[in-house]
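A short worksheet on the structure shown next.
The values are calculated or read from the model by the stated rules, or taken from the named source; none is laboratory data. Predicted model, so just to flag it, every value in this text is computed and none were measured. Positions of Cβ are backbone-derived with ideal geometry, glycine not excepted, and every protein chain shown enters the neighbour counts. Only protein heavy atoms, including side chains, enter the accessible area calculation; ligands, DNA and RNA are left aside. Shrake-Rupley method; radii C 1.70, N 1.55, O 1.52, S 1.80 Å.
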Amino acid sequence: MMNNIKTIKKIINDIKYFNPKKIDDIKKFKIKFLGKKQGIITSLINKLKYIPIYERKDIGMILNKLKNEVKEKIRKSYIKIQDLNINKFDTTIPGKSIEIGSIHPISIIKNKIIKILYSIGFCYVDGNEIEDDWHNFTALNIPVLHPSRDMQDTFFICKDPDLLLRTHTSSVQIRYMKKNNPPFKIFSIGKVYRNETVSSNSNYMFHQVEAFYVNKNVSFYNLKKTIEYIINLLFGKIKVRFRLSYFPFTEPSAEVDILYDNKWLEIMGCGIIDPKVLKNVNIDYDMYTGFALGLGIERLAMIIYKIKDIRIFFNNDICFLNQFTSVF
Ligand code: DAH
């Protein structure tokens with residue numbers, strides 16, 4: 001009994017004066033007293049059965065209390081060590097400067113176009129990258145089996161219901177016009193996807209801008225002036241030509257070329273929104289007309305930065321990306 005009392009006193013002292021400096025000290029303290037095999041308190045508890053019965057209850061209670069005190073000391077010690085570590089953090093030391101990245105060329109062009117379109121009264125709307133057949137094709141006057149569907153080879157998510165990765169941003173026209181009454185002047189920018197063979201000119205994913213304006217008496221003249229304005233802000237004074245073309249959702253349709261480095265380069269498609277499209281979204285096509293235009297951002301960036309291979313935009317090549325400005 002005397003021996004036990006001595007041990008207990010020692011334990012009480014050890015607990016009281018335990019002052020850990022690091023996590024390791026706490027772990028050792030725990031093993032010393034509560035270790036499963038050799039812990040001092042654990043061993044005493046295991047030996048209780050050999051103590052005369054009249055002493056067993058009191059000593060048992062004391063050991064239990066000590067066990068809880070050790071646990072409490074461990075808990076508090078962990079908090080203390082954490083505080084010590086936090087206080088080691090000197091907020092007056094100047095921070096290390098981190099390298100600021102550059103803006104991706106696609107974002108640079110995108111931001112320029114956004115600024116231009118805002119400046120002439122267009123409002124931005126988001127579109128869906130996952131579309132259904134009706135918004136991406138049918139409502140845009142591209143019925144099933146129409147040959148122009150082949151030009152936009154599609155990644156289907158499932159065939160029934162028809163879910164797909166949008167092949168162009170023109171689907172935003174439908175989404176917006178279905179829910180809003182004219183007049184409106186809208187644009188959207190985003191990723192589009194096509195099941196193309198990847199090469200220096202084509203990728204399975206790229207970015208498009210779509211802009212459209214619907215009002216009373218919107219004419220091809222308005223479209224021409226808008227496009228010339230956009231191009232002049234992007235490229236400076238440059239020659240622009242409109243070539244008659246075909247898109248199922250515009251009538252008439254045109255392709256726009258610019259004379260750049262002595263070559264005519266095609267940069268966008270446009271046209272007067274086909275009345276059938278307006279009808280599909282319940283807009284009175286006797287009262288309203290509209291124009292639409294669509295262009296690929298990679299194509300513009302390739303012309304502006306003289307890039308020969310579209311794949312380089314998404315290779316994550318730091319040497320390439322670092323060449324672009326980091327100023328927003
Ligand atoms: N959606 C067409 C494409 O991806 C581009 C386009 C052409 C958009 C003419 C238009 C347009 O809004 O009027 O090839």
Residue satisfying all of: in the range 240-261; more than 9 Å from the ligand (Cβ to nearest atom) and more than 27 Å from residue 111 (Cα to Cα); most open to solvent (accessible area, probe 1.4 Å) among these
244
Can you say whether residue 152 is assigned by TED's automatic domain parsing to the domain that holds residue 287 and either under 30 Å from residue 319 (Cα atoms) or out of contact with any helix residue (DSSP H, G or I) (no Cβ under 8 Å at 6 or more places or on another chain) (or both), as far as the supplied structure shows?
yes
Residue check: is residue 237 part of a helix (DSSP H, G or I), more than 28 Å from residue 203 (Cα to Cα) and more than 14 Å from the ligand (Cβ to nearest atom)?
no
Residues that are in contact (Cβ under 8 Å) with a residue 60 or more places away in the chain and in contact with a helix residue (DSSP H, G or I) (Cβ under 9 Å, 6 or more places away or on another chain): list the helices (runs of 4 or more DSSP H) wholly contained in the range 1-105 that include at least 1 such residues.
53-87
Scanning the range 168-183 for residues that are in a helix (DSSP H, G or I) and polar (S, T, N, Q), the one nearest to residue 154 (Cα to Cα) turns out to be 171
Kindly list the number of the only condition in (1) on the phi > 0 side of the Ramachandran plot; (2) without any contact (Cβ under 8 Å) to a residue 40 or more places away in the chain; (3) within 10 Å of the ligand (Cβ to nearest atom) that fails for residue 271.
(2)
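For every residue, the table says whether it meets (1) at pLDDT 90 or above; (2) open to solvent by 80 Å² or more (accessible area, probe 1.4 Å); (3) not polar (S, T, N, Q).
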{"site": "24", "(1), (2), (3)": "yes, no, yes"}
{"site": "27", "(1), (2), (3)": "yes, yes, yes"}
{"site": "52", "(1), (2), (3)": "no, no, yes"}
{"site": "63", "(1), (2), (3)": "yes, no, yes"}
{"site": "98", "(1), (2), (3)": "no, yes, yes"}
{"site": "105", "(1), (2), (3)": "yes, no, yes"}
